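Written below as structure tokens is the structure these notes are about.
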Amino acid sequence: MKKLFSNIKGDAFGGITAGIVALPLALAFGVSSGLGPTAGLYGAIFISFFAALFGGTNTQISGPTAPMTAVSMVVIASIIAVNDGDVNQALPVILTVFLLAGLMQIGLGMLGLGKYIRYIPYPVVSGFMTAIGVIILLTQILPSLGYYPKEDVEFVDTFKPQAEEVILENILKEEAEEGILVLEDFQETIRRAEKITEIDILKESQTLAAKEASGALGAVKAFPRALQNINWLELILALGTILIIYGFKRMTKAVPSTLVALLVMSGIAVGFGLDYRPIEEIPSGLPVPNLEIITGFKLSHVTPYVFTALTLALLGAIDSLLTSVVADNMTKTKHKPNKELVGQGIGNSIAAVFGGIPGAGATIRTVVNITSGGKTRLSGMIAGVLLFVILLGLGPIASKIPAAVLAGILITVGIGVMDYKGLKAIPSLPKDIKLGPFKLSSEVLIMLVVLFLSTFWNLVYAVGIGLIIASLMFMKKLGDLTAERSNVTPLKEDAWKDEAGFPENLKEEVFIKHLKGPLFFGSTSEFQQLAEQIPATARTVIIRLGRMQYMDQSGLYAMEDVLQDLNKKNIEVLFVGLLKQPQYMMERIGIIPDLIPKEHIFETFKECMKWVKKNVKDVY
């Protein structure tokens, strides 16, 4: 406790500054997610406070971030679509998924998996981060132009026939759940269908129109209509916001440029009484927990989103721990990764209960905190408290912020979050794979696959596919490297130092195989060629295993096949330097002693030489 208050002045200034930076971003991320500015603000308050209190990085400021919001946006849109476009109906399921993601983060931390996050390949992270930027840019183009598909009457009307079909399908589903057979009681279906009003059809049409224009691909499809229906006031507000953010940043970094843009453009819009579109109303008063998460819980509602929740948990872990590394470099300290995951999980879980969107450690806010004097976890807690005070005191005022201003802020966030370092490296990376007539870099291929799949298909599956491709590429490279270094050659070529005194007269009868590196499924095909490569003069093969540290099941059976082939040709095999793990594997399936008796296994090459001189005759 004493340590917590050891730097009150610095922590207070750092926390207040970070909280001010977080305010416009929290509102913007909330709007972008689809749950509204309040959800973004609640997420920032609870995650910032509790992740700081329970986390393992003293100076980290947490809250909604671009990657977490982009994934959340997909989750929210898909659940709302399943619930006929009704946000209130979908909200308990959405928050349950977010709560599950937080609990999974706690589990990851308690299982000690924090230290393994760093093994995710850079091309996957690079492609994903760039995709996040592209998604934010594309999805914010429509609101920055003042175009909202649900309000485009002509566009909505095109969905009316489909809306009628959807409503009728829902009636049939309801009847099926109630045990009503349509063929037996068709009058009941007619009765229910007659209750459908024009308002119902319009509402369903608006839902379908919004769904059609949602996400990056939807925004691209809707862009031509947006250009035909530009609201010039909204566009000017968005462009003004972007210009102030970049312009003010060049003048000074002492004051957050996003906050300046928010205040200036909102002040102009309100002060001049412009007819702009405000954000959703931010409720005043204390946040209230959403008890429907518990009272309305149904496992069937959440089951389809378990993998998505895990993705959110892993993404939050990566996002947070990368920020922790940045904080460590700046403060010359060392964070506790597993404790940090537990803290982030607690913060996300509590935020979900109160209706907040999930978040993670935020790099820019953390850097601002450190440079402003923050040194202990108190700074993150103060940032959360500041946002809470703003919620209570300035909620009605914040509700007057123009939606186009937040769209402008998000566009700058999208531009900033892209991985330019990875993009710039594309021309210089070695082209190590061939696809038809084209030579490509495997790392560039992985990055581009993740980038395009994340942007235009599915963020969750894109990362999984990227990891699979990266793993396969790595294993191929490792297999090629192992094969390249592990050659079957006569003793006179590439002999190791301790082989220098081998008898000249036995060099036609004895051949040596040097195994370097693991024998696993990526290198088995080359190893299996051993029996074919050995000439007819060979009577004995020495396999040197001192540098083969590991053998998997594929490698084990490849070894068995080769030894059986050599055994059929009456060629004796000697092992030198067999290590513990490969020996254990070979003993488990009987290679030792059935194919290689104990007396044919030697610790050193010198011992093996004695056996060779004694037992191998000079025939050629």
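Restricted to segment 590-615, and to residues that are β-branched (Val, Ile, Thr) and surrounded by 14 or more Cβ atoms within 10 Å (Cβ to Cβ), which residue is nearest to the chain's Cα centre (by Cα)?
Among those residues, the one meeting the criterion is ILE591.
When the residues of segment 45-68 are narrowed to those that are assigned to a helix (DSSP H, G or I) and under 20 Å from the mean Cα position of the chain (by Cα), which ends up farthest from GLY85 (Cα to Cα)?
Taking the candidates together, the pick is ALA51.
Test each condition in (1) within 20 Å of ALA70 (Cα to Cα); (2) exposed (fewer than 14 other Cβ atoms within 10 Å of the Cβ) for ILE415 and report the one that comes out false.
The number of the failed condition is (2).
Give the residue that is modelled with the lowest pLDDT, with candidates limited to residues of segment 206-227 that are farther than 17 Å from SER78 by Cβ and buried (at least 17 other Cβ atoms within 10 Å of the Cβ).
Out of the qualifying residues, it is GLN206.
Can you tell me which residues in segment 365-380 are assigned to a helix (DSSP H, G or I) and either in contact with a His (Cβ under 7 Å, 6 or more places away or on another chain) or surrounded by fewer than 20 Cβ atoms within 10 Å (Cβ to Cβ) (or both)?
Scanning segment 365-380 gives VAL367, THR371.
Only one of LEU410, LEU435 is under 15 Å from GLY133 (Cβ atoms) and either of a type in the set (A, V, I, L, M) or touching a Gly at 6+ places or on another chain (Cβ under 8 Å) (or both). Can you tell me which?
LEU410
On the basis of being closer than 20 Å to LYS334 by Cα and either in the same structural domain as GLY296 (by TED's automatic domain parsing) or not polar (S, T, N, Q) (or both), does LEU108 make the cut?
Criteria met by LEU108.
Where in segment 532-620 are the helices (runs of 4 or more DSSP H), entirely inside, with at least 1 residues that are touching a His at 6+ places or on another chain (Cβ under 9 Å) and in the same structural domain as VAL510 (by TED's automatic domain parsing)?
Per the criteria, 605-615.
Got at least one residue in segment 73-87 being under 19 Å from the mean Cα position of the chain (by Cα) and either polar (S, T, N, Q) or outside the structural domain of LEU322 (by TED's automatic domain parsing) (or both)?
Yes; the residues of segment 73-87 include at least one that is under 19 Å from the mean Cα position of the chain (by Cα) and either polar (S, T, N, Q) or outside the structural domain of LEU322 (by TED's automatic domain parsing) (or both).
Kindly indicate whether any position in segment 322-330 is charged (D, E, K, R) and not in a helix (DSSP H, G or I).
The answer is no, given that none of the residues of segment 322-330 is charged (D, E, K, R) and not in a helix (DSSP H, G or I).
Quick check on my filter: what residues within segment 39-68 are of a type in the set (Val, Ile, Thr) and under 16 Å from ALA317 (Cβ atoms)?
ILE47, THR57, THR65, listed by residue number.
Determine whether THR524 is polar (S, T, N, Q), surrounded by 13 or more Cβ atoms within 10 Å (Cβ to Cβ) and modelled with pLDDT under 80.
yes
To keep it simple, each residue is scored yes or no on (1) surrounded by fewer than 18 Cβ atoms within 10 Å (Cβ to Cβ); (2) closer than 21 Å to ASN369 by Cα.
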position	(1), (2)
SER320	no, yes
THR323	no, yes
ASP328	yes, yes
LYS332	yes, yes
VAL342	no, no
SER349	no, no
ALA352	no, no
GLY355	no, no
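Take LEU315 and tell me if it is touching a helix residue (DSSP H, G or I) at 6+ places or on another chain (Cβ under 8 Å), touching a residue at least 24 places away in the same chain (Cβ under 8 Å) and closer than 30 Å to GLY107 by Cβ.
Yes: the conditions hold for LEU315.
Restricting attention to segment 99-133, report how many residues are closer than 19 Å to PHE54 by Cα and in a helix (DSSP H, G or I).
Final tally of qualifying residues: 14.
For segment 1-22, give me the residue count where each residue is modelled with pLDDT under 85 and either acidic (Asp, Glu) or surrounded by 22 or more Cβ atoms within 10 Å (Cβ to Cβ) (or both).
2
I'd like the full set of residues that are hydrophobic (A, V, I, L, M, F, W, C) and more than 20 Å from LEU145 (Cα to Cα), limited to segment 273-298.
ILE282, LEU286, VAL288, LEU291, ILE293, ILE294, PHE297
Let's see how each residue does on (1) at pLDDT 85 or above; (2) surrounded by fewer than 24 Cβ atoms within 10 Å (Cβ to Cβ):
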{"site": "ALA28", "(1), (2)": "yes, no"}
{"site": "GLY56", "(1), (2)": "yes, yes"}
{"site": "ILE61", "(1), (2)": "yes, no"}
{"site": "ASP84", "(1), (2)": "no, yes"}
{"site": "PHE98", "(1), (2)": "yes, no"}
{"site": "GLY109", "(1), (2)": "yes, no"}
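Give segment 316-349 a look and list any residue that's touching a strand residue (DSSP E or B) at 6+ places or on another chain (Cβ under 9 Å) and polar (S, T, N, Q), or say none.
Correct list: SER320, THR323, SER324, GLN344, ASN348.
Tell me which residues, restricted to segment 388-410, are of a type in the set (A, V, I, L, M, F, W, C), surrounded by fewer than 24 Cβ atoms within 10 Å (Cβ to Cβ) and in contact (Cβ under 8 Å) with a residue 60 or more places away in the chain.
PHE388, ILE390, LEU391, LEU392, ALA398, ALA403
May I ask you to list the residues in segment 142-165 that are surrounded by 17 or more Cβ atoms within 10 Å (Cβ to Cβ) and more than 19 Å from LEU227 (Cα to Cα)?
PHE159, ALA163
The values are calculated or read from the model by the stated rules, or taken from the named source; none is laboratory data. Only a predicted model underlies this, so the values are computations on that prediction, with no experimental measurement involved. Don't worry about glycine lacking a Cβ; one is built from the backbone with ideal geometry, like all the others, and counts go over all protein chains shown.
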